[in-house]
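For reference, the structure discussed in these notes is given below.
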Amino acid sequence: MVIEVTSKYAHTVMKRSKEKTKRHRISYLESYKANSEKLRDIIDKLLNIKEFEEFLNYKDSLVPLKKELELQDDDLEDIDFLLKSHQSFNYTNELLECIEFDSNTKPRFIELLKIFPTFVNRKKLDIDISFFSIQWQKNIKKFDYSKKVIEIAVLYSIRDYIRSGDIFVRESKKYKSFENYLIEPLEKEIEGEELEFLEKLKEIIVIPKEINFETEIETDEKITFSDKIYSYFPKITIPEVLYEVNTWTRILEDFKDLGSDLKHQQKVLIATMLANGHNIGFSFQVIFQNLL
């Protein structure tokens, strides 16, 4: 629940920042356009000035414009508005103390999460930032490795890496590792028909003892690689699968109106299912029946 709330809240703050950035850039563009027109007029008037006294008088009229330009905001980005919301994210240390994250693909990021609460009184952090996204690396460098920016980058990276499955929480039901979803092998002893079935299965499926493949596969070798993989699997047709399932479940015997010649009628039934399943009509149904 903590992860879910944090993720939604971070999304809300980011959305607000993007909206503020959009409004700011519209306003900035309008001011830039107006100032460009004023600058064009100033250049025209300066080029028409012929005497020095006239220039001095005109210079005094430019003082209000200079003050106006000094008060104008710079072009701001999403990160600038996120920094203004930094106090909204002042619970990072508590989050990292209450939830232990882990990863199989981002070990350096996990190391940073473990030591981040120790950076309490620092304003700048001299750390490796290569595991952050390119945009966050740009933001961190822009503000000279400010701890505030890195803290925000940590929170948004936790959200993004959890969504992509790069990091996980072992105790979580929703955000645990993929390995935890795998079914554990049965420990009970197999006897009777189950054991006999597995023995027959082992005889059918030939598992190679060694598979040597090249570590790098070029684009034109993908088909060869795929064919090599499929060559290790037994060649089984759909009718064989249907007949095999029938030996386990006797499903074809549930069709009561097949007549006395059950074996022949089962062929007709399977041919009909294949024809209808492939949507290829009655003529091919007859072909299927003859092939079976």
Residues of region 146-177 with backbone nitrogen within less than 17 Å of a virtual label 7 Å along the Cα-to-Cβ line of Arg122, please, listed as ranges.
146-155
Rank the residues Thr92, Thr272, Thr224 as a footprinting-exposure proxy: fewest other Cβ atoms within 10 Å of their Cβ go first.
Thr224, Thr272, Thr92
Links exceeding 24 Å between C-alpha atoms in this model, out of Lys18/Lys106; Lys114/Lys173; Lys33/Lys138; Lys8/Lys124; Lys22/Lys114; Lys202/Lys228, come to Lys18/Lys106; Lys33/Lys138; Lys8/Lys124; Lys22/Lys114
If packing is taken as the average number of other Cβ atoms within 10 Å across a peptide's residues, how do 29-40, 122-133, 95-106 rank, most packed first?
95-106, 122-133, 29-40
With each label point set 7 Å from Cα along the Cα-Cβ vector, what nm distance links Asp102 and Lys22?
4.1 nm
Tell me, what HN-Hα J-couplings in whole Hz come from the Karplus equation 6.51 cos²θ - 1.76 cosθ + 1.60 at θ = phi - 60° for each residue of region 152-165, using x for Gly and Pro?
5, 4, 4, 5, 6, 5, 4, 4, 5, 6, 5, 5, 7, x
What does the charge count around Leu201 come to, taking other residues whose C-beta lies under 12 Å from its C-beta (Lys +1, Arg +1, Asp -1, Glu -1)?
-3
If packing is taken as the average number of other Cβ atoms within 10 Å across a peptide's residues, how do 150-163, 46-59 rank, most packed first?
150-163, 46-59
Listed highest first by mean packing, meaning other Cβ atoms within 10 Å per residue, what order do 245-254, 3-12 come in?
3-12, 245-254
In debye to the nearest 20, the charge dipole size for region 2-84, taken about the Cα centre with +1 at each Lys and Arg Cβ and -1 at each Asp and Glu Cβ, equals 520 debye
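Bear in mind these aren't lab numbers, they're just calculated from the coordinates by the rules spelled out. Remember, it's a predicted structure, so these values are computed and weren't measured experimentally. We place every Cβ from the backbone using ideal geometry, glycine too, and count neighbours over all the protein chains shown.
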